[in-house]
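**Q** My questions all concern the structure below.
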Amino acid sequence: MSEEVINKELAALNEETLKAGKEVEQFTRKLMIPIWNKRRDVIKKIPNFWTQAIGNSPLFALNPSENDIEALENLTDFYVEYDEKRPDYRKVTATFKKNDTFKNETLTKEFIINDEGEDEVISKDTIDYHSGKAPNNKKRKADDEDEDDFDFSFLDWFTSDDNSIGATLSDEIFPAAVEFFHGDEDSDEDEEEIELGSDDEDEEDETPSKKKSKK
């Protein structure tokens, strides 16, 4: 059998594997959605759950802006909706307490992600900043033009046509939110017991962790 024939057979098997993988993901997601809904009710009892979960993710190891940190400190709910008929569809909704940076109570973004790189933003919100709080994008661009690191802004993502981290938020961080909340399981320093109840004064003193999480 020639090398060309073998390569074609391997390519066909790879396509079958990818297709089966997507079907497994869709089936798993279908089973998990009711569990994620129950989880949503439970974590409402945990102060700063999403602040810590997303703050522990690799995304916030990328030098977030002051506005991003403010947003994360006031984040009360983060939820992703999927569509069984459109497996590549995602709708991300973030809910915030009143804060000094922006007036929006919720930010929502709908988008399509797929393996072919044909991502599409269906809808996005506009952030209504308080006076003097809107980011100076020109200054930020000038400050970052000599840096090679990936530039990420949690707030800017909701308003932009860029969807480069949409899959990370919807398919990695959201499903594994509890694991991200606890941080690195190998570190004794990161193991904390969950304290039920809410204390707004304590919440104001907490800042997002820059730790990278073990996936």
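**Q** Kindly provide the set of residues from segment 84-118 that are farther than 19 Å from Thr159 by Cα and either in a strand (DSSP E or B) or aromatic (Phe, Trp, Tyr) (or both), ordered by number.
**A** Within segment 84-118, Arg86, Pro87, Asp88 qualify.
**Q** Now, a different point. Out of the residues in segment 141-166 that are modelled with pLDDT under 90 and among the aliphatic types (A, V, I, L, M), state the one that is surrounded by the fewest Cβ atoms within 10 Å (Cβ to Cβ).
**A** Among those residues, the one meeting the criterion is Ala142.
**Q** Right, something else. Please work out which residue is nearest to Glu120 (Cα to Cα), limiting yourself to segment 84-100 and to residues that are in contact with a helix residue (DSSP H, G or I) (Cβ under 8 Å, 6 or more places away or on another chain) and without any contact (Cβ under 8 Å) to a residue 40 or more places away in the chain. Lay out the reasoning, then the answer.
**A** Of the residues in segment 84-100, the ones in contact with a helix residue (DSSP H, G or I) (Cβ under 8 Å, 6 or more places away or on another chain) are 84, 87, 90, 92, 94, 96, 99-100.
Still in the running and without any contact (Cβ under 8 Å) to a residue 40 or more places away in the chain: 96, 99-100.
On the way: Phe96: 25, Asn99: 31, Asp100: 32 Å.
Looking at the filtered set, the residue picked out is Phe96.
**Q** Is it the case that some residue within segment 126-136 is within 23 Å of Thr51 (Cα to Cα), polar (S, T, N, Q), modelled with pLDDT of 75 or more and surrounded by 16 or more Cβ atoms within 10 Å (Cβ to Cβ)? First the steps, then the outcome.
**A** Here is the first cut: in segment 126-136, the residues within 23 Å of Thr51 (Cα to Cα) are 126-130, 133-135.
Still in the list and also polar (S, T, N, Q): 126.
Of the ones still in play, those that are also modelled with pLDDT of 75 or more are 126.
Those left that are additionally surrounded by 16 or more Cβ atoms within 10 Å (Cβ to Cβ): none.
No, the conditions are met nowhere in segment 126-136.
**Q** Confirm whether Glu185 is at pLDDT below 70 and either in a loop (DSSP other than H, G, I, E, B) or on the phi < 0 side of the Ramachandran plot (or both). Working first, answer last.
**A** Values: at pLDDT below 70: yes; either in a loop (DSSP other than H, G, I, E, B) or on the phi < 0 side of the Ramachandran plot (or both): yes.
Yes, satisfied.
**Q** Moving on to the next point. Provide a single number: the residues in segment 15-57 that are under 25 Å from Lys97 (Cβ atoms) and at pLDDT below 90.
**A** As a first pass, look at segment 15-57 and keep what is under 25 Å from Lys97 (Cβ atoms): 36-57.
Then keep just the ones that are at pLDDT below 90; that gives none.
Adding up the residues that qualify gives 0.
**Q** If Val121 satisfies every condition in (1) touching a residue at least 12 places away in the same chain (Cβ under 8 Å); (2) assigned to a helix (DSSP H, G or I); (3) aliphatic (A, V, I, L, M) but one, which is the exception?
**A** It fails just one condition, (2).
**Q** If you check Asp83, Asp77, which single one turns out to be acidic (Asp, Glu), within 15 Å of Ala177 (Cβ to Cβ) and assigned by TED's automatic domain parsing to the domain that holds Asn163?
**A** Unique residue meeting the criteria: Asp77.
**Q** Within segment 1-83, which helices (runs of 4 or more DSSP H) (wholly inside it) include 1 or more residues that are surrounded by fewer than 11 Cβ atoms within 10 Å (Cβ to Cβ)? Break it down stepwise before answering.
**A** Details: elements: 3-43, 49-55, 66-73.
Hits in segment 1-83: 3-43, 66-73.
The values are calculated or read from the model by the stated rules, or taken from the named source; none is laboratory data. Just so you know, these numbers come straight off a predicted model, no measurement behind them. Virtual Cβ from ideal backbone geometry, glycine too; neighbours counted across all protein chains shown.
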